[in-house]
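Note sheet for the following structure.
The values are calculated or read from the model by the stated rules, or taken from the named source; none is laboratory data. Predicted model only: the values in this text are computed from it and were never measured. All Cβ positions, glycine included, derive from the backbone under ideal geometry; neighbour counts span all protein chains shown.
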Amino acid sequence: MSRGLRRLSGEVARFSAVNVVATVVAVFLFNALVHGLKGSFDGPLNSHAITAYLLANTVGMFISYYGSRHYAFRHRQTAGPGGGLPRYVAINLASFVIPVTCLWITRHVLHWDSIYADNISGNAIGALLGAAFRFWAFRRFVFHPIHPPALPFWEPTSVEHDRPEPVLTDGLVCDDRSDVVDP
């Protein structure tokens, strides 16, 4: 596997882990607000599912930012002021359109308002599509790769950046050329 593909797959795995934690919190809050906890209370925002979704996912967004900044994309520089938080929030708010649209269609076009319909449309289909958009957008606009400073073309590279080829001596591979005698 190439180094770039390995790095990308690592980012996808870490981003997914952070996304799972934030999503679990958001789904719990959404269901508590809309459908309540069975036997404890009815959901106070049952007739306002989209408002509940936005509130619950705003909490999830800040959990996601912390995890993305300090775990998923820790090896990348942040873009812009505030450690990339303003761009992160803007991208998250833009990505809310995807699951909110799925939830709106389920609630207002199909007239399905069960716990299953809400969770499948908003927290499964919409969340997966939104996560794919956010992964692309965060890598593109918030967390940039760290590039070593470029050297002007007229300056030679330093020895510490160049790694010599391993040398085969007496059947052993050595990285140090100091003990090799040139004929």
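Return the pair list, or none, for Cβ contacts closer than 9 Å from residues in the range 18-45 that are touching a residue at least 12 places away in the same chain (Cβ under 8 Å) to residues that are among the basic types (Lys, Arg) and surrounded by 14 or more Cβ atoms within 10 Å (Cβ to Cβ), at least 6 apart or on different chains. Close Cβ pairs (under 9 Å, with a partner that is among the basic types (Lys, Arg) and surrounded by 14 or more Cβ atoms within 10 Å (Cβ to Cβ)) amount to Asn19/Arg134. Selection of the range 96-131 for residues being closer than 15 Å to Thr51 by Cα, part of a helix (DSSP H, G or I) and touching a residue at least 40 places away in the same chain (Cβ under 8 Å) yields Pro99, Val100, Leu103, Trp104, Arg107, Asp118, Asn119, Gly122, Asn123.
Can we say Phe30 is buried (at least 18 other Cβ atoms within 10 Å of the Cβ) and within 20 Å of Ile120 (Cβ to Cβ)?
Yes: the conditions hold for Phe30.
Residue count for the range 62-90, restricted to those that are crowded, with 20+ Cβ neighbours inside 10 Å, among the hydrophobic types (A, V, I, L, M, F, W, C) and not in a loop (DSSP other than H, G, I, E, B): 1.
If you check Ile125, Ile146, Ile115 for being farther than 13 Å from Val34 by Cβ and modelled with pLDDT of 85 or more, only one passes: Ile125. Is at least one residue of the range 48-56 under 28 Å from Arg14 (Cα atoms), in a helix (DSSP H, G or I), in contact with a strand residue (DSSP E or B) (Cβ under 7 Å, 6 or more places away or on another chain) and among the small types (Gly, Ala, Ser)? No, the range 48-56 contains no residue that is under 28 Å from Arg14 (Cα atoms), in a helix (DSSP H, G or I), in contact with a strand residue (DSSP E or B) (Cβ under 7 Å, 6 or more places away or on another chain) and among the small types (Gly, Ala, Ser). Of all residue pairs spaced 6 or more apart or on separate chains, those with beta-carbon atoms under 9 Å, a first member in the range 53-77 that is small (Gly, Ala, Ser) and a second member that is outside any helix (DSSP H, G or I) are Ser68/Arg74; Ser68/Phe143; Ala72/Phe143.
Of all the listed residues (Ile115, Ile146, Ile120), the sole one being among the β-branched types (Val, Ile, Thr) and out of contact with any helix residue (DSSP H, G or I) (no Cβ under 9 Å at 6 or more places or on another chain) is Ile146.
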